[in-house]
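The values are calculated or read from the model by the stated rules, or taken from the named source; none is laboratory data. Computed from a prediction, not measured in an experiment: that's the story for all the values here. The area values use the complete protein model at the heavy-atom level, side chains included, leaving out ligands, DNA and RNA. Shrake-Rupley method; radii C 1.70, N 1.55, O 1.52, S 1.80 Å.
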Amino acid sequence: MYAKPRMPDPVRAAAVRAVIIIALTLTQVVVVLLCTLAGSWLAFPMTLSSVGSTFVATWAVLDIWITRQSWLQRNGVVSEPSSAARRRLLRRR
């Protein structure tokens with residue numbers, strides 16, 4: 001089994017931000033649903049807030065991709081030979 005390459009720190013930070021924002025947005029949607037079922041006045045303002053949060057969550061997900069692409073452009077791709085390639089190299093010697 002091979003080791004999964006680690007995410008660079010800026011990409012990991014963007015991913016953590018996105019997960020937190022998506023979790024808050026989903027929580028907001030549940031509150032909207034419960035307020036609507038209860039007939040609360042808070043349903044309409046929460047609906048507007050949820051629509052705004054959806055745009056923020058979409059941007060957060062795009063931010064992961066943008067951050068990853070910019071990191072790859074600045075730092076390049078780190079390439080390491082696989083363990084199978086090392087075994088073949090050792091056999092040749």
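Heads up, I need the accessible area for W71: 1.4 angstrom probe, whole protein in place, Å², nearest 10.
Roughly 70 Å² of W71 is accessible to a 1.4 Å probe.
Could you tell me the accessible area of R68 in Å² (1.4 Å probe, neighbours in place), rounded to the nearest ten?
120 Å²
Per-residue accessible area for F44 at 1.4 Å probe radius, Å² rounded to 10?
140 Å²
Shape of region 11-75 from its Cα gyration tensor (a ≥ b ≥ c, root eigenvalues): rounded if a/c is under 1.5, otherwise prolate when a/b > b/c, or oblate?
Because a/c hits 1.5 or more and a/b exceeds b/c, region 11-75 counts as prolate.
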